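First up is the structure itself, then whatever we jot down about it.
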Amino acid sequence: MSTVHTLEGDLIDRGGRYAIVVARFNDFITGRLLEGALDFLRRHGVPESAITVVWVPGAFELPIVCRALVKADRHDAVIALGAVIRGSTAHFDYVAGEAAKGISAAGAGVVPVIFGVLTTDTIEQAIERAGSKMGNKGGEAAGTAIEMVNLLRALGATGPVGVGR
Ligand code: INI
């Protein structure tokens, strides 16, 4: 058996607080992503009182709100949900690119910001990833959030929210 010291976050909630920022654009898809995220959090023991949902107009607006939530330091993780679909978006590359860059920049500190934005060529591909044959990207993002909160705590990088980090 290996004696290498190994760390990995698990999916057991230990009082984490989660913010979900969700884009209203393509809400027939993002609503499903939100349901997937909420369902995953609930099934892993996160009480509704520990979850905040914030709606923004589109994926382009996700980064500014993610940054504001990180700065406010009232949540252990922020989950960004959106759907950018190339088929119906002339400026797909700008919206998808800026969302990805901005969300990644918002998560550059010790509060994880999870990228739950679908970027697909077609509406069908988005539907497949929003609760049908390819799973639910929102639920997946929620799992990543719990795992990262637990991993950062195990690393000693974070303590309870709001205690100056
Ligand atoms: N926003 C999305 O979240 N998905 C899209 O596919 C999309 N399209 O198709 O343009 C989209 N555009 C809106 C954008 O996110 C901003 O809300 C808007 O440009 C105002 O800043």
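Read-outs throughout are calculated quantities, based only on the coordinates presented, and are distinct from any laboratory measurement. Keep in mind that this is a model prediction, so the values were computed, not measured. Cβ: placed from backbone, ideal geometry, glycine included. Neighbour counts: every protein chain shown.
Once you have a ≥ b ≥ c as the square roots of the Cα gyration tensor eigenvalues for the stretch 31-82, tell me rounded if a/c is under 1.5, and otherwise prolate or oblate according to whether a/b is larger than b/c. Don't skip to the end; give the middle numbers.
On the way: a/c = 2.72, a/b = 1.29, b/c = 2.11.
Cα axes put the stretch 31-82 in the oblate bin.
Think of each Lys and Arg Cβ as +1 and each Asp and Glu Cβ as -1; about the Cα centre, that makes the dipole of the chain roughly 320 debye. Over the chain, all Cα pairs binned in 10 Å intervals from 0 give whole-percent P(r) values of 11, 40, 33, 13, 3, 0, listed from short to long. Rounded to the nearest 500, the helix-only mean residue ellipticity at 222 nm of the chain stands at -13000 deg cm²/dmol, with each DSSP H run of n ≥ 4 adding -39,500 (n - 2.57). For the stretch 3-92, the share of alpha carbon pairs falling in successive 5 Å distance bins from zero is 3, 13, 21, 20, 17, 12, 7, 5, 2, 1, 0 percent.
Between the helical axis of 62-72 and the longest alpha-carbon principal axis of the chain there is an angle of about 20 degrees.
Using the 10 angstrom Cβ neighbour count as an exposure proxy, how do Phe28, Phe92, Phe40 rank, fewest first?
Final ranking by Cβ density, sparse to dense: Phe28, Phe92, Phe40.
By the count of other C-beta atoms within 10 Å, a proxy for reagent exposure, Asp13, Asp27, Asp121 are ordered fewest to most as Asp121, Asp27, Asp13. Using C-alpha pairs below 8 Å separated by at least 6 residues, the relative contact order for the chain is 31 percent.
The GluC sites (Glu not before Pro) of the stretch 61-161 include none that meets both conditions, a loop assignment by DSSP and at most 15 other Cβ atoms within 10 Å of the site Cβ.
Take the alpha carbon gyration tensor of the stretch 79-140, find the square roots of its eigenvalues, order them as a ≥ b ≥ c, and report rounded if a/c is under 1.5; if not, report prolate when a/b exceeds b/c, else oblate. Because a/c hits 1.5 or more and a/b fails to exceed b/c, the stretch 79-140 counts as oblate. To the nearest ten degrees, helix 92-106 and the longest principal axis of the Cα atoms of the chain are 10 degrees apart. With neighbours defined as other Cβ atoms within 10 Å of a residue's Cβ, the residues Met148, Met134, Met1 order from fewest to most as Met1, Met134, Met148.
Close amide-amide hydrogen proximity is noted between Ile114 and Val78, Ile79, Ala80, each under 5 Å apart and 5 or more residues distant or on a separate chain (H modeled in the peptide plane; Pro and chain starts excluded).
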